[in-house]
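Please treat every number below as a calculation from the coordinates, not as lab data. Keep in mind that what you see is a predicted model, and the values were worked out from it rather than measured. Using ideal geometry, Cβ is built from the backbone for each residue, glycine included, and neighbour counts are taken over all protein chains shown.
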Amino acid sequence: MAEMWITMGPQHPMTHGLWTLRVKIDGETVTDTEAELGYIHRGVEKICEARDFTQITPYCDRLCYVSAMTWAHSYVMAAEDLLEAEVPERAEYIRLMAAEVQRLASHLMWLGAFGPDIGNLTLMTWCLRDREMFLDLLQELGGSRMHYNYPRIGGVKRDIPIGWANRLKAKVKLFENRINEYEMLLDESTIWLVRLQGVGYATAEDQLDAGVTGPNIRAAGVNTDTRWTNPYSVYDQVDWEPAVEKPTSVKGADCYDRYRVRMEEMRQSCRMLLDAIEKIPGGANTHYQPGDEMILTKAPTRAPEGATGFSTYECTRGVSNFYIQGGGDSRGKNPYRLSIRSPMFITIPYVAKTMIGYKVADIPAIMGSFDPCIGETDR
Amino acid sequence: MGTTVTIEQNAEAAKACVESLNSRFSDAGVTAEAVAQTSGKKYEFVRIICSPSQLRAIAKFLKLEMGVNHCAMVTGTHYPEGSADRGWEVAYHLNRWPIANVEAHTMTVLKGEDLKGDDIPMGFEIFIPLPAGDSPSVPTIQDIWEGADWNEKETWDLVGIDFEGHINMHRVLNPHDSPVGFHPLQRQHKIRYHDFNEMYDDPQGFGRKPVDEGRVK
């Protein structure tokens, strides 16, 4: 049969955002693919050159609208490296908890979007129900539902409110049971297993060479996680283990392994949260005023020419990096150059290549299992 | 308790990497040094400064001898007011992580504290200053790390650094029909509102002059 190109996107349920996958098919088999990105390129790197360091945090929130807290945290770490700011330990604990709550919310959004891809619409309603619990917690911290602007260079904007710790504990304990419910729903569903198992194999070494990181690589049987390989924050003080999944084949992890590793990662986030809330210096039910030295230290606002800042951060979809050069406009108040590594920008072309050889009907399963987010991809 | 790489392991690995790089490349004028982060946990990484012609040799050495298996990002910067030998700069950020394929139904659970030698994770930073001019260019490392492929595409698209030997170079973030030679992160392109100062000078119109200003009453 003659081969032909079909275009999936920019508006297609498989894409999870605005991008185009061009697929060459022979009958039902994919023989070649091309990813086209850039539909929502906003030029964040250019805009940041005209903003001072505090003004950049909201832009970094908007890099990924599903995982705003982790991106702001990642930026703030690079800015602290550039400006040589220290962070109080209580603020590090608060940031850790905020990031892990965000990770739960982000993985729930992924699972909620992945379910309908596979034909399980129940999952979306369940996941969005639970995600709302965690968005409420983040809303108490940052004041808004999705874009928090919460981390500050040298600390956090506000302390955790009185009673937040108790609400967190109750919600996390409830959610730990809910994860079991999800697994009962999914792991015994024939449709779920048939559509995910044996599809979209990717080995650990191939993925890392292509730049893929995060849960996708941990699904292939290695527990590499920048939270312990490039330690930051207080992850060495709380109780957790990197989530890792045994791949079902020598060909690497399939879509099912990638689903399993994210479920395990949510369990580990819960474990971390319950431990961090006990260990937080100053106590979980005290509230320090904004600007108190327990939660915020004063940081310089200008960086000299030639200074650089860099951060490596385990974002919910992989490793995000910020690289900042000091000495920009306004006598050093702005960065001269700010560069962002988005894990998904590298992953999407790789995923497009892994689809070759599978059927057209497998494309949503493979793409969805890698958790694409186009906001951060196009920046 | 979570596992972690200790700061002693990190310092030891950084020292070993710097020594090995310097013993191999110091004759060629390449400098490698261990630099510590200035905030957070203050872990060290390796900073290499070299010329474009040395890049591929260093990249191959890093990959084959030192186990650097991940190209994180490629950043181009434009310095229109820089010196004649540094009008542009390309920065590569690389990582070494202990990752190997596993058999089916098995997994590798590493403990950070137990890692030794080349297994200790390490970050690398390569700076390449390029002479001022209209055609900055470095050799590609697309064939050494596949992850550099789209990073180089992006750097060419946004900054206009040419990667010699890069196969299938095309626009990735800008529209495909952008004008040839348009690379928005070059410094001569200003964000548009820089030209519209009146919007910011008098947003509410309080500075408006009365019509009879200057007239003697």
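Counted by neighbouring Cβ atoms within 10 Å, the residues B:TRP150, B:TRP156 run from fewest to most as B:TRP156, B:TRP150. Diagonalising the gyration tensor over the Cα atoms of region A:217-309 and scaling each eigenvalue by 5 before taking the square root yields semi-axes of 35, 21, 10 Å, largest first. Counting every pair of alpha carbons in region B:1-84, the share spaced more than 21 Å apart comes to 41 percent.
With the Kirkwood sum run over all distinct C-alpha pairs, chain A has a hydrodynamic radius of 21.3 Å. Relative to the longest principal axis of the Cα atoms of chain A, the long axis of helix A:164-187 lies at roughly 10 degrees. Footprinting exposure proxy ranking of A:GLU92, B:GLU164, A:GLU84, fewest other C-beta atoms within 10 angstrom first, gives B:GLU164, A:GLU84, A:GLU92.
Principal-axis analysis of the Cα atoms of chain B puts helix B:148-159 at an angle of about 20° to the longest axis. Note on chain A: GNM, Cα springs under 10 Å; of A:ASN149, A:ASN216, A:ASN120, the largest mean-square fluctuation is that of A:ASN120. Along the charge dipole of region A:41-344, pointing to its positive end and built from +1/-1 on Cβ of Lys, Arg, Asp and Glu, which listed residue (A:ALA210, A:ALA243, A:GLY112) has its Cα farthest out? About the Cα centre, the residue reaching furthest to the positive side is A:GLY112. With axes computed from alpha carbons, what is the tilt in degrees of helix A:68-83 against the longest principal axis of chain A, rounded to the nearest 10 within 0 to 90? That works out to roughly 50 degrees.
Pairs over the 19 Å Cα-Cα cut-off, from the set B:LYS15/B:LYS42; A:LYS279/B:LYS42; B:LYS15/B:LYS116; A:LYS46/A:LYS333; A:LYS24/A:LYS359: A:LYS279/B:LYS42.
The HN-Hα couplings worked out from phi for region A:46-55 by the Karplus form 6.51 cos²θ - 1.76 cosθ + 1.60 (θ = phi - 60°) are 6, 4, 5, 5, 10, 10, 7, 4, 6, 6 Hz, whole numbers, x standing for Gly and Pro. Ordered by the count of other Cβ atoms within 10 Å of each Cβ, fewest first, A:ARG178, A:ARG90 give A:ARG178, A:ARG90.
The smallest convex shape that holds all Cα atoms of region A:5-143, its convex hull, gives 143 Å³ per residue.
Taking one quarter of the surface of the C-alpha convex hull of region B:7-146 gives a mean projected area of 10.3 nm². Only helices enter this figure: runs of n ≥ 4 DSSP H residues, each worth -39500 (n - 2.57), summed and divided by the residues of chain B, yield -7000 deg cm²/dmol at 222 nm to the nearest 500.
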